[in-house]
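Written out below as structure tokens is the structure these notes cover.
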Amino acid sequence: MKNIVATILIALSVLTFSQSLFAEDLAVLGAEIDGAPPRDMMKRYLLNAAEQLQLQWQAEYRQRTTGEQIAEYQDRLKAKFTEALGGFGERTPLNPKITTTLQRDGYVVEKIIFESRPDHYVTALLFLPDSNRFRKPYPGVLIPCGHSQEGKANDLYQRAAILMAVNGMAGFVFDPIDQGERSQILDENGKAPMWGTRSHTMLGVGSILLGQNTAGFEIWDGMRAIDYLQSRRDIRPDKIGCTGNSGGGTQTAYFMALDDRIAAAAPSCYITSFDRILNTIGCQDAEQNIFGQLAFGMDHADYIMMRAPKPTLICCATKDFFDISGTWDSFRYAKRLYSRMGFAERVNIVETDNKHGFSVELRQGAVRWMARWLRNTDKPIVESPDLQPLDEQQAWCTPKGQVMLLDGARSAFDINIEREKQLVRQRKRIWGNADKTDALRKVRTITGIRKLNDLPQPGIEEAGSVSRDGLTIDKLIIAPEKGIYLPVLKFTCGEAPCTGIVLYLHEDGKAAGAASGGAIEQLVKSGHTVFAVDIRGTGETKQTSQRYGAPYFGTDGQDVYAAYVMGRSYVAMRAEDILVCARYAIDSAKPKPKHGVELIAVGNVGVAALHAAALAPEVFKSVKLSKTLRSWSDIIHSKISNNQLINTVHGALTSYDLGDLAALLGDKITICQPADVSGKPIEN
């Protein structure tokens with residue numbers, strides 16, 4: 001019996017080996033391209049592009065030597081930063097309320113709620129000095145929270161605020177959106193389905209489409225927090241400081257760069273450089289990536305230099321995941337610029353041999369910096385281990401611990417929905433004219449998609465062929481630009497007359513429809529020559545190793561954001577890939593088709609395909625989209641979406657939605673099973 005089983009197992013092994021030996025190999029690129037796995041093609045391409053922008057940044061920095069040049073640079077960068085955020089709203093009434101006052105040993109805590117926008121509530125704790133020890137009015141120091149779920153109730157942020165209070169300064173700790181009491185989406189049980197970085201990035205997907213950024217909500221909250229402090233008689237309006245750690249360090253960097261009212265700043269565990277971010281941990285959550293910032297010249301050092309010569313202390317940790325070498329690079333750039341202005345002493349650095357976090361050494365350093373510049377006292381400050389922060393429920397400012405349970409509360413998602421509704425009218429005006437020339441010009445301007453004649457001829461490389469039941473499958477590599485390699489399978493049938501050319505795209509890559517008896521084979525047997533292409537970031541070049549924010553933002557979210565900070569989108573880059581491939585398919589055909597290429601796109605690549613066809617309709621005989629996102633506005637209204645970051649174009653909804661492009665194509669386009677924001681087919 002054992003011998004029989006062994007014989008069967010050997011036979012099965014031989015059969016499996018034979019099948020694998022003769023199995024159809026449809027891979028084109030091989031194990032490596034340019035010395036790296038194909039999945040890292042886009043990462044390497046984007047790193048090279050960022051390196052060129054960094055060299056440009058350095059050259060411009062060296063030329064910035066006079067006071068006039070520095071002032072012009074600061075004004076220009078602040079304007080570009082504000083524009084990339086989508087601007088700011090009007091200063092509406094804060095309607096502040098002190099819900100509770102607590103007397104503690106050596107300080108007072110006030111629980112405060114204010115409205116940074118109408119019915120958009122911010123919860124905060126104000127730690128005030130003992131009036132018997134310190135004379136009013138006090139300097140006020142903003143302490144935005146890092147990415148802790150408990151927000152202002154976090155022990156470390158409260159300790160920083162208490163240390164401010166016992167040293168004669170008011171510490172104002174407030175919850176960012178989706179932390180502490182400010183969860184922006186609650187389920188039927190009043191619980192948040194997501195928080196922090198994931199929720200910030202979810203909000204960021206819709207915000208990008210509106211030409212805004214999650215950072216805009218946070219920055220406006222901070223600016224309004226300063227408004228509140230300045231409205232109080234017990235706070236000195238000319239002595240406002242700001243310090244925060246991690247995500248709070250990000251906010252501090254933004255506040256201090258954009259708001260001149262911040263007299264002294266100490267961002268902690270955030271400042272590094274984009275060169276080190278991109279080459280180490282990759283882009284992080286939504287508010288830490290500003291559209292086009294590397295293209296218009298705004299790196300981490302600029303957050304400091306934009307406010308020069310105002311006093312700024314960089315707080316950092318040797319073992320931080322925000323690379324310490326980038327921190328020192330940014331400090332040196334800032335120090336040299338401050339020196340050029342004659343104020344070298346106003347920028348400094350404190351480093352602790354520790355991991356990421358608002359450690360006691362950094363808290364003490366930040367408080368001492370504030371005391372030096374806001375109180376004109378400079379002495380060692382030591383934090384007592386006996387400080388007693390409030391627990392999470394003690395820190396509640398609202399009755400039930402969530403602002404969205406207050407009557408009439410509006411979330412950041414609700415504010416985006418209101419903005420999108422306003423833009424509907426604007427889009428109707430743009431597309432209302434019979435002549436669509438101006439509308440299409442706006443599409444091209446927003447996306448940056450070049451005209452076909454402006455796209456260079458690609459490099460073409462033959463990579464072998466495969467035969468299958470009368471079909472020939474030629475392997476090609478189309479290189480539309482340096483560092484980009486698009487693997488192609490060209491399917492032809494020698495017996496059938498060629499009745500047309502099909503460009504076939506699938507979000508899972510060319511192999512998804514290339515199996516024996518599959519969709520592509522049916523097209524070939526009906527007389528078509530089919531070019532099945534992995535446009536960048538699909539199929540063989542699909543990024544599979546990035547997990548930041550997964551599963552909601554795909555496995556390539558960090559690459560998408562790397563493109564974003566350079567002012568680019570995957571939609572635009574992929575649309576240009578499609579145009580180049582379509583042109584090659586036409587030019588290589590004998591005879592050339594009279595009416596262009598038939599374009600078939602399945603899944604999220606359909607968004608890029610729609611753009612390519614709408615901007616160059618003469619290239620395409622027909623367009624068939626399947627399982628493609630129906631509408632960008634659905635993302636805004638649904639609030640939670642799945643794997644839609646790659647489909648975003650910054651500011652697109654200010655001028656057009658996907659339906660506007662589809663309408664341009666008229667009878668040319670067929671849309672099968674349009675997809676909702678989760679990628680599922682929409683029921684009719």
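The values are calculated or read from the model by the stated rules, or taken from the named source; none is laboratory data. These numbers were taken from a predicted model, which means no experiment stands behind them. Positions of Cβ are generated from backbone atoms using ideal geometry, with glycine treated the same way; all protein chains shown enter the neighbour counts.
Apart from one condition, residue 521 fits all of (1) in the same structural domain as residue 569 (by TED's automatic domain parsing); (2) outside any loop (DSSP other than H, G, I, E, B); (3) among the charged types (D, E, K, R); (4) exposed (fewer than 15 other Cβ atoms within 10 Å of the Cβ); the exception is (4). Of the candidates 131, 148, 116, the single residue that is in the same structural domain as residue 217 (by TED's automatic domain parsing) and at pLDDT below 95 is 148.
Scanning the stretch 645-684 for residues that are hydroxyl-bearing (Ser, Thr, Tyr) and either touching a strand residue (DSSP E or B) at 6+ places or on another chain (Cβ under 8 Å) or within 30 Å of residue 433 (Cβ to Cβ) (or both) gives 648, 654, 655, 656, 670. Remark: pairs (first residue in the stretch 59-75, not assigned by TED's automatic domain parsing to the domain that holds residue 339; second residue of a type in the set (A, V, I, L, M) and not in a helix (DSSP H, G or I); Cβ separation under 6 Å; 6+ apart in sequence or on different chains) = 74/306. Only residues that are assigned to a helix (DSSP H, G or I) and in contact with a Cys (Cβ under 8 Å, 6 or more places away or on another chain) were counted across the stretch 216-249, and they come to 4.
Exactly one residue out of 421, 436, 482, 451 is closer than 26 Å to residue 609 by Cβ, outside the structural domain of residue 583 (by TED's automatic domain parsing) and surrounded by fewer than 19 Cβ atoms within 10 Å (Cβ to Cβ): that is 436. Among the strands (runs of 3 or more DSSP E) confined to the stretch 106-215, the ones with at least 2 residues that are under 30 Å from residue 644 (Cβ atoms), out of contact with any Gly (no Cβ under 6 Å at 6 or more places or on another chain) and in contact (Cβ under 8 Å) with a residue 60 or more places away in the chain are located at 107-117, 120-129. Among all positions in the stretch 72-79, there is no residue which is at pLDDT below 95 and either surrounded by 14 or more Cβ atoms within 10 Å (Cβ to Cβ) or under 22 Å from residue 395 (Cβ atoms) (or both). For the stretch 263-291, a residue qualifies if it is more than 22 Å from residue 243 (Cβ to Cβ) and either out of contact with any helix residue (DSSP H, G or I) (no Cβ under 6 Å at 6 or more places or on another chain) or of a type in the set (S, T, N, Q) (or both), and the qualifying residues are 274, 279, 280, 281, 289. Look at the stretch 238-259: where a residue is among the aromatic types (Phe, Trp, Tyr) and a partner is in a strand (DSSP E or B), sitting 6+ places away or on another chain with Cβ atoms under 7 Å, you get 255/142; 255/242; 255/262. Can you tell me which residues in the stretch 547-571 are under 15 Å from residue 288 (Cβ atoms) and not in a helix (DSSP H, G or I)? If the condition is that a residue be under 15 Å from residue 288 (Cβ atoms) and not in a helix (DSSP H, G or I), then 548, 549, 553, 566 are the ones that fit. Determine whether residue 574 is over 29 Å from residue 211 (Cα atoms), assigned by TED's automatic domain parsing to the domain that holds residue 480 and not in a loop (DSSP other than H, G, I, E, B). No; evaluated as a whole, the condition is false for this residue.
Consider residue 601 carefully, then state whether it is within 21 Å of residue 563 (Cα to Cα) and aliphatic (A, V, I, L, M). When the stated conditions are applied, residue 601 does not pass them. A count restricted to the stretch 112-129 and to residues that are touching a strand residue (DSSP E or B) at 6+ places or on another chain (Cβ under 9 Å) and either more than 10 Å from residue 174 (Cα to Cα) or surrounded by 24 or more Cβ atoms within 10 Å (Cβ to Cβ) (or both) stands at 12. Checking each residue in the stretch 380-411 for being of a type in the set (A, V, I, L, M, F, W, C) and without any contact (Cβ under 8 Å) to a residue 40 or more places away in the chain picks out only 382.
Each residue in the stretch 523-570 was checked for being of a type in the set (D, E, K, R) and at pLDDT 95 or above, and 6 of them qualify. Of the residues that make up the stretch 632-639, is at least one polar (S, T, N, Q), in the same structural domain as residue 493 (by TED's automatic domain parsing), at pLDDT 95 or above and not in a helix (DSSP H, G or I)? Taking every residue of the stretch 632-639 in turn, none turns out to be polar (S, T, N, Q), in the same structural domain as residue 493 (by TED's automatic domain parsing), at pLDDT 95 or above and not in a helix (DSSP H, G or I). Do we have residue 503 as touching a residue at least 60 places away in the same chain (Cβ under 8 Å), in a helix (DSSP H, G or I) and of a type in the set (A, V, I, L, M) here? Answer is no for this residue. Pull up the stretch 581-629, narrow it to residues that are part of a loop (DSSP other than H, G, I, E, B) and surrounded by 19 or more Cβ atoms within 10 Å (Cβ to Cβ), then point me to the one that is modelled with the lowest pLDDT. Going through the qualifying residues, I end up with 596.
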